[in-house]
Each structure stands twice: as C-alpha cells, then as structure tokens.
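**Q** Shown below is the structure under consideration.
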Amino acid sequence: VDEVVKLIYDYLNQIKQHGIEEDKWTELINLAETDFRFSEKGDPGHLASSTAGRLLDDFPLADLLNPPRRQIWNPDKIQELIKNLTPDKMTLVVSSKKRFASDPKPPTTEHTEKWYGTQYRLTPIKDEQKRLWSGGVSSLSLPPSNPYIPDDFSLVEEP
C-alpha cells in the first residue's frame with residue numbers, strides 16, 4: 001500500500017512542480033467526449049441514478065447531459081486543486097478479503113457498518129508514512145501525449 005500511495009504522490013509532486021500542459025487537458029476532454037458520443041445504451045435505472053447523484057454537485061442543470069467539451073481549461077484551478085492533495089488531507093481506504101503480508105497479525109475490527117454488517121477499523125495515518133509519501137520526486141515521468149486519440153469524426157470522401 002505504501003508503495004502505491006508514494007507513486008501517486010510522486011506524480012502529484014511532478015504536476016505541482018511542472019504543471020499540466022493544455023494538450024494533456026485537451027486529450028482528456030477528447031477521451032471523455034468520445035466516450036460520451038459513442039457510449040453504449042445502458043441501464044435506464046443506472047442513468048437516472050447517476051444523473052440524480054450529479055444534481056447534488058455544483059453543476060448547472062444544462063451541463064448534466066451535455067458533452068464534456070463545455071469544461072474550460074484553467075491551469076490556476078488545477079494547481080489550486082493539486083496543491084490541496086496532500087497526505088495530511090487524505091483519507092485512505094484499504095479493502096481486502098485477505099490479510100496483507102506486511103500485517104504480522106490478523107486485523108482486528110472495531111466497528112460494524114449498520115446496513116450490510118461489514119466490519120472495519122479506523123487507523124490514523126502515521127507521521128512516518130506521511131513523510132514517506134510526500135518526499136521528493138522519483139524518476140517517474142508523465143506519459144507523452146497520445147497521437148491516436150481522435151478529435152475529428154467527420155467522414156472523409158473518397159477522391
């Protein structure tokens with residue numbers, strides 16, 4: 001678990017230091033727009049439920065069923081968000097049917113969730129782990145842009 005969380009924070013630290021280029025943003029928008037445009041017909045109940053859930057967010061009602069293109073590139077907002085993603089402000093959920101190799105004794109649970117009877121425990125994140133996770137940038141790098149993501153779906157006439 002520590003290794004995975006450290007890698008995530010290494011990537012976040014890279015974004016903090018170097019920012020995100022607009023082409024990455026455009027790539028994500030193009031992927032989301034392609035998914036929106038060519039999505040398969042799904043379960044109407046799931047669509048109603050997920051749309052109702054989105055009503056709780058601060059989205060304007062007009063944006064609920066519109067493609068993602070309406071989102072605006074705003075590097076300052078991205079940096080503001082990334083700056084707040086720190087180990088001190090995180091909640092880590094680890095779920096497993098098996099005991100972790102790093103856990104020498106069987107896990108004990110102190111709580112039981114009331115609807116399904118799921119047992120769980122709450123453990124504060126140790127300062128040592130926070131320091132490990134927030135330390136420096138590794139040799140990782142963000143992937144290059146993917147030239148194969150389509151952005152034009154118009155048909156080309158044969159000559």
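The values are calculated or read from the model by the stated rules, or taken from the named source; none is laboratory data. All values derive from a computational prediction rather than experimental measurement. Virtual Cβ from ideal backbone geometry, glycine too; neighbours counted across all protein chains shown. Remember, those area values only see protein heavy atoms, side chains included, never the ligands or the DNA or RNA. Shrake-Rupley method; radii C 1.70, N 1.55, O 1.52, S 1.80 Å.
**Q** Would you mind getting me the FRET efficiency between V94 and S49? Use the beta-carbon distance for r and R0 = 22 Å, nearest 0.05.
**A** Calculated transfer efficiency: 0.25.
**Q** Pull out the extension gain between S39 and T109, defined as 0.36 nm times the separation in residues minus the alpha carbon to alpha carbon distance; nm, one decimal.
**A** 21.1 nm
**Q** Roll a 1.4 Å probe over the protein heavy atoms and report the accessible area of T91 in Å², nearest 10.
**A** Accessible area, nearest 10 Å²: 120 Å².
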